[in-house]
1. Among the residues of the stretch B:1-39, which ones are away from the ligand (no atom under 16 Å from the Cβ) and not in a helix (DSSP H, G or I)?
2. Considering the stretch A:373-389 alone, what residues qualify as being closer than 16 Å to residue A:306 by Cα and surrounded by fewer than 24 Cβ atoms within 10 Å (Cβ to Cβ)?
3. Pick from B:86, B:53, B:91: which is in a loop (DSSP other than H, G, I, E, B) and within 30 Å of residue B:122 (Cα to Cα)?
4. Could you pull out the residue among A:250, A:207, A:229, A:173 that is touching a Gly at 6+ places or on another chain (Cβ under 7 Å) and in contact (Cβ under 8 Å) with a residue 40 or more places away in the chain?
5. Determine whether residue A:151 is under 20 Å from the mean Cα position of the chain (by Cα), of a type in the set (S, T, N, Q) and either part of a helix (DSSP H, G or I) or at the interface with chain B (Cβ under 8 Å from one of its Cβ atoms) (or both).
6. Every residue in the stretch A:4-28 that is part of a helix (DSSP H, G or I) and in contact with a helix residue (DSSP H, G or I) (Cβ under 8 Å, 6 or more places away or on another chain), please.
7. Go through (1) closer than 17 Å to residue A:132 by Cα; (2) in contact (Cβ under 8 Å) with a residue 24 or more places away in the chain; (3) not in a helix (DSSP H, G or I) for residue B:80 and report which single condition fails.
8. Going by what's in this entry, would residue B:48 be described as β-branched (Val, Ile, Thr) and more than 16 Å from the ligand (Cβ to nearest atom)?
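The values are calculated or read from the model by the stated rules, or taken from the named source; none is laboratory data. Since the model is a prediction, treat every value here as computed from it, not as a measurement. A quick note on method: Cβ atoms are made from the backbone with ideal geometry, for glycine too, and the neighbour counts reach across all protein chains shown.
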Amino acid sequence: MKKVAVVGVGETNFSGPQDKTEVELFAEAAMEAITESNLKPEDIKALFIGNVLGDFSEGQGMVQAFAAENIGCHHVPANKYEGACASASMAIRDAFIWVASGFYDIVLAGGVERAATMGTGLATRTFAMFSDARYEYPSGITFPAVFAMLTHLYADTYGIPLEKLREQMAKVSIQSYRHGSVNPRAQFFGKNADMTVEKVLGSFMVSSPLTLHDCCPFSDGAAAVVLASEEVAKKLTGKPVYITGVGQSSSGPLCNQSDYLPRIRAREISSRRAYDMAGVTPQDIDLCELHDCFSIASLIAAESLGFFEFGKAGEAWEKGEADIGGRVAINPSGGLKSKGHPIGATGAGQVYEVTRQLRGEVEPERQVEGARTGLTDTLGGDGGTLVNIILQRGW
Amino acid sequence: MEHKLIFKDYSEALKQNKLLGLKCRACGAITTPPKMVCRQCASPDMDIIELKGSGKIRTFTTVYVASEGREDEVPYTIVMVELDDGPWIMGNLGDFDPAQASMELVGKKVKMGHKVFPGDKYSAGEGARPLFSLVN
Ligand SMILES: [Zn+2]
C-alpha cells in the first residue's frame with residue numbers, strides 16, 4: 001500500500017442560503033485545492049464528491065459529472081457518495097484507498113451542499129430521511145429529536161442531573177462559538193463570541209431539552225482536497241500531510257442500536273480501525289474536528305473516540321480540557337455548531353481544517369501550536385455511517 | 001430468500017393494535033421491528049409471534065420544530081420504549097401533555113395502541129407506529 005498525502009485543500013465560506021449553485025460552490029473549492037497543489041485540472045485522475053440533497057435543494061442529481069466538467073476535469077470517472085452527513089468523509093476515505101492501491105496517483109475528493117437554501121421545513125423533512133423511514137419516521141422523528149432522546153438517555157445512563165448536563169452542553173456550544181467567531185470561513189464568523197449559559201438555555205426549544213443554541217445551523221458550502229501518492233506529493237509540496245489511518249463503520253435504525261446507546265457503536269469500531277492503522281492512540285491526537293451536530297453529540301463523540309471517560313466529557317469541557325491548550329483541542333474551526341454544516345461537504349471541511357492546522361496556517365487565536373497529529377470524526381444519520389480519518393505532518 | 005415479515009404486514013397488524021415480531025429458532029431472541037435475520041445471531045430461521053406491546057420508557061423528547069407537512073402535529077412527544085420482550089421500539093406518547101414531559105418519564109411503564117401516519121409525497125404510502133400511554 002502506498003503512502004497517501006493531502007497536497008492541497010480548498011473551501012468556500014460555510015453560510016446561510018447562497019445564490020451560487022452546487023456546481024459553482026464545489027468548483028470554487030475544487031479550484032482552490034487544485035491551485036494550492038500546484039496542479040492543473042487535467043492532472044486529476046478521478047473525482048469523488050459527497051452530496052446528499054442536491055435533488056431536493058435545487059433539482060440537480062448527478063452533480064459530480066457536472067462539477068467535473070465545470071472545472072475542466074474532462075471525462076474523468078466522477079463518483080458521488082451519500083452517507084448523509086458523513087458523505088464527504090466517505091469520498092475522501094475511498095479516494096485514499098484508490099491512491100493507496102496505486103490505481104490512481106492523484107484524486108480530487110470533497111463535497112457540496114445547499115441545506116440552508118431548502119429552508120427549515122424541507123431541510124428538517126429531508127434530514128429525517130436518514131432515520132428509518134418505515135419504522136421511525138411515522139413517529140415524527142427529526143434530527144434534533146434523535147439527539148434530544150440521546151441527551152435524556154445520557155443523563156439517565158450516567159446519573160447526571162439533567163440541569164447539570166444542560167449547563168455542560170451549553171459550555172460546549174460556547175466554546176464552539178468562540179472558535180468559529182475567529183474563523184473567517186465560518187457561518188458564525190464574528191458572531192456569538194459573547195454567548196452565555198443563560199442565553200443557550202433561554203433560546204427557543206427545538207426538541208426538548210435541545211434549544212436553538214444546542215443545534216448546528218443548516219448551511220450551504222463546499223470543500224475539496226487533493227490526495228496524491230507519496231512520490232507525487234514530494235514533487236508538489238514541502239508540507240505533505242499524510243493520511244495515516246482511516247476507518248468506516250455502519251449501523252441500523254436507532255432502536256436497533258439499543259445495546260450500546262447513548263454510545264454510538266459504529267464510532268468505536270471506526271475510530272479503532274483508524275487508530276490501529278495509524279499506530280497511534282487517543283493520547284497522540286493534538287486536535288480533533290468531531291461531529292458536533294448537537295452539543296450533546298460532542299460529549300458522546302469525545303468519549304467514544306477515547307479522549308475522556310464515559311459520562312465525564314462534560315466535566316472535561318468545563319475544565320478546558322477539550323479547548324485549545326487543553327488535553328485535546330476539539331473543533332478549533334468552530335465545528336458544525338459555528339463553522340457550519342453543509343452536510344455533503346462537512347467531512348471535507350474537517351480535513352481542510354486539520355490540514356491547515358498541521359501546516360500552522362490558521363488564525364493565531366485558534367491555532368493549535370505544534371500540532372502534529374489530527375483526527376476527523378464524521379457521523380451520518382443517527383449512527384448509520386461513521387468515518388474517521390487520521391492526518392499527520394509529513395515533515 | 002423472502003422475508004418472514006415485511007413492513008406492510010407489520011403495519012397492517014399494528015393498525016389492529018397487534019405488535020408483531022420474529023422469534024429466533026436458533027437462539028430464542030426476539031426481533032422487532034422485523035428484518036431478514038435475528039438481531040442476536042443473524043439466523044434467518046425465525047417464526048412470526050405477537051408481542052405484548054408493554055414495556056418501559058427509556059428516553060423521550062417533545063418536538064417543537066416539525067418536518068414540512070407535519071407542522072400541525074407539534075408539539076408531540078416521541079418515546080423509545082424497552083419492550084418487556086426485549087427489543088426497543090420508537091413510538092409516540094398519547095394521553096399526555098407534551099409540555100409536561102420530563103425525566104420523570106424515564107422508567108415509567110407503558111401500554112401500546114397505535115396511530116397511523118397517513119404518509120406524504122416522499123413516504124411511499126402510510127405507516128402505523130405505536131402510540132403508547134402510561135400505565136397507572
Ligand atoms: Zn437468533
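1. As a first pass, look at the stretch B:1-39 and keep what is away from the ligand (no atom under 16 Å from the Cβ): B:2, B:6-20.
Those that are away from the ligand (no atom under 16 Å from the Cβ) and not in a helix (DSSP H, G or I): B:2, B:6, B:15, B:16, B:17, B:18, B:19, B:20.
2. Hit for the stretch A:373-389 is A:373, nothing else.
3. None of the other options fit; the residue is B:53.
4. Numbers: A:207 fails: touching a Gly at 6+ places or on another chain (Cβ under 7 Å); A:229 fails: touching a Gly at 6+ places or on another chain (Cβ under 7 Å); A:173 fails: touching a Gly at 6+ places or on another chain (Cβ under 7 Å).
None of the others qualify; the one that does is A:250.
5. Details: under 20 Å from the mean Cα position of the chain (by Cα): no; of a type in the set (S, T, N, Q): yes; either part of a helix (DSSP H, G or I) or at the interface with chain B (Cβ under 8 Å from one of its Cβ atoms) (or both): yes.
Taking the combined requirement at face value, the residue does not satisfy it.
6. Taking the stretch A:4-28 first, the residues part of a helix (DSSP H, G or I) are A:22-28.
Of everything in the stretch A:4-28, those that are part of a helix (DSSP H, G or I) and in contact with a helix residue (DSSP H, G or I) (Cβ under 8 Å, 6 or more places away or on another chain) turn out to be A:22, A:23, A:24, A:26, A:27.
7. Among (1) closer than 17 Å to residue A:132 by Cα; (2) in contact (Cβ under 8 Å) with a residue 24 or more places away in the chain; (3) not in a helix (DSSP H, G or I), residue B:80 violates only (2).
8. Numbers: β-branched (Val, Ile, Thr): yes; more than 16 Å from the ligand (Cβ to nearest atom): no.
Taking the combined requirement at face value, the residue does not satisfy it.
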